[in-house]
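The values are calculated or read from the model by the stated rules, or taken from the named source; none is laboratory data. This one's a predicted model, so the numbers in the text were calculated from it and none came from an experiment. Cβ placement follows ideal geometry from the backbone for every residue including glycine, while neighbour counts extend to all protein chains displayed.
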Amino acid sequence: MGHTHALSGAAVWLLVAPGLAALPAAGGLAGDLAPMVANILTPSELIAGALVCAGAAMLPDLDHPSATIAQTFGPATWVLSKFFNWVSGGHRHATHSLLFAAAAGVGTTLLAEHYSIGRDIVVILMIGLALRAIGIGIPDKTITSALINIGLTAAAFIMFRSRDVEYLWLGLAIAIGCLTHVVGDCLTERGCPVLWPLKHRWLLPWKIGIKTGRAFEVKFLGPALSVVVIGLFAIRLMPASL
Ligand SMILES: [Zn+2]
């Protein structure tokens, strides 16, 4: 379900951010990451990163035009979702693979390097997807929900801008978000074509087979993930001296 994916995206970003920030010190290939991750742990960049990663964790399901997520920004995201569905050959196909995660990450990095407008559109889309996924909106009120979301997304975007968030890590957060989604879906009964275009569907680990939307996810996994995300935010944003 949507919010499980979004919450795990935020949690994974908050978990791996210190590791990513430490990577350039290792030199070599990891050293190339240095400019991307230099500010990754400052409070506003960290919050923006967690939001973008949460939104990116919803991206693979844009191949499903009837999903709530496809209605985030009304017709704009619906059309995008129709396109994803057509390109990827239906739900849980190409967008649920390592190749898609890598392509989305590299594509976003190139886009952001060359076009600041493109970068801003990606950021806005990701914030919107994240807010929608965690349940911002009114059930069955598509247009009202889209308007509320647009307002909150704009507020978040303007706030990040006023704090000079640079999004140098944007592609990285997109790739990690998509990967988190794929791993999450591999825990469910249908699995994912991780090595697409190979058709084999992968399940992890050994067919736990969580059924989406069932009691376990709604009553336990969702709340537990919320607690993890809030806890991680607290740990990461708290000054070390406390
Ligand atoms: Zn999925």
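At-a-glance table
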{"quantity": "Answer from 40, 47 - the residue that is modelled with pLDDT of 85 or more, buried (at least 16 other Cβ atoms within 10 Å of the Cβ) and part of a loop (DSSP other than H, G, I, E, B)", "calculated": "40"}
{"quantity": "Members of the range 178-199 found to be under 17 Å from residue 89 (Cα atoms), touching a helix residue (DSSP H, G or I) at 6+ places or on another chain (Cβ under 7 Å) and either within 10 Å of the ligand (Cβ to nearest atom) or assigned to a helix (DSSP H, G or I) (or both), listed by number", "calculated": "182, 192"}
{"quantity": "Of the criteria (1) within 20 Å of residue 54 (Cα to Cα); (2) away from the ligand (no atom under 16 Å from the Cβ); (3) of a type in the set (Ser, Thr, Tyr), which one residue 162 fails", "calculated": "(1)"}
{"quantity": "Lone unmet requirement of (1) outside any loop (DSSP other than H, G, I, E, B); (2) within 22 Å of residue 128 (Cα to Cα) for residue 25", "calculated": "(2)"}
{"quantity": "The range 146-165: number of residues that are buried (at least 17 other Cβ atoms within 10 Å of the Cβ) and of a type outside the set (Gly, Ala, Ser)", "calculated": "6"}
{"quantity": "Among the residues listed as 67, 112, 104, 154, the single one being closer than 21 Å to residue 14 by Cα and in contact with a helix residue (DSSP H, G or I) (Cβ under 9 Å, 6 or more places away or on another chain)", "calculated": "104"}
{"quantity": "Residue within the range 94-109 that is under 24 Å from residue 190 (Cα atoms), of a type in the set (A, V, I, L, M, F, W, C) and away from the ligand (no atom under 16 Å from the Cβ) present", "calculated": "yes"}
{"quantity": "One residue from 61, 32 being among the acidic types (Asp, Glu) and touching a residue at least 60 places away in the same chain (Cβ under 8 Å)", "calculated": "61"}
